1. Run the numbers for residue 77 and residue 173: contour at 0.36 nm per residue of separation, minus the present Cα-Cα distance, in nm.
2. Using a/c under 1.5 as the rounded threshold, could you call the range 1-154 rounded, prolate or oblate? The axes a ≥ b ≥ c are square roots of the C-alpha gyration tensor eigenvalues, and prolate needs a/b larger than b/c, oblate otherwise.
3. Per residue of the range 88-100, what does 6.51 cos²θ - 1.76 cosθ + 1.60 with θ = phi - 60° give for ³J(HN,Hα)? Whole Hz please, x for Gly and Pro, Karplus curve as stated.
4. Give 102/161; 19/44; 96/143 a once-over and call out the pairs whose C-alpha atoms are over 26 Å from each other.
5. Could you calculate the FRET efficiency of residue 143 with residue 166 from 1/(1 + (r/R0)^6), where r is the beta carbon distance between them and R0 is 22 Å, rounded to 0.05?
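Bear in mind that the values in this text are calculations on the coordinates, not laboratory data. Just so you know, these numbers come straight off a predicted model, no measurement behind them. Neighbour counts are summed over all protein chains in view; Cβ atoms, including those assigned to glycine, are modelled from backbone coordinates with ideal geometry.
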Amino acid sequence: MAGDRSAAYHKFYNDFTVKAAAHLVLAGGNIDANAAAIVACEAKIAQCDLDIAAAVTRCKRRQYSDALASLAQFNADKAQADKDAEEAKAAYDEKKKAAVAKNADCRKNAEGVRAECAEGECCGQANRYDRDGTRMTIEVCGKAEDSTYTYWPVMGAKTAKAPMTEQWRYYCISGAQSLAAGATAVAAALYMAY
């Protein structure tokens, strides 16, 4: 009876030891397998970090290239705009020169003498009044019947759009009086002749 119990205990512990050893071997295999998986995962993580760094570098280079392209386009557009503005100003100034030439300047010189106007013209004033009461005046030759003068404002440099011309009030001054005096003298001479 005692021998049977001893044999049973021996068998139990022997079987337990065998099973424990088998589990230990299995656990060791799992540890090795997990260690390899961990190493593989760490390698993948390291590669992902490298890929991210490379992508960031490519993005920065692309953005820099895009920035350079944008700057080049901006400079080209600005140069074209400046060229267009210069051409527009040249065309405006040419038209202004031709228009202004039709009305000679008759301001008094340093000696107080006015330039003579062409035959049939008088020296007159063209005026513009601002809202604050400021008056701008120029003196040019014109016809006695003229009541307005076309004023051409100065077109600023690098201005894309030409300014609108202005209509100023115009009337003869000294020249008109001379014409009137001449007409009176002629009338008096004709009267005396009859």
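1. Using 0.36 nm per residue and subtracting the Cα-Cα distance, I get 29.5 nm.
2. Note, shape of the range 1-154 comes out prolate.
3. Karplus values, whole Hz, x for Gly and Pro: 5, 5, 4, 5, 5, 4, 5, 5, 5, 4, 5, 5, 5.
4. Numbers: 102/161 24 Å; 19/44 37 Å; 96/143 19 Å.
Beyond 26 Å: 19/44.
5. On the way: r = 19 Å, r/R0 = 0.87.
For R0 = 22 Å, the calculated efficiency reads 0.70.
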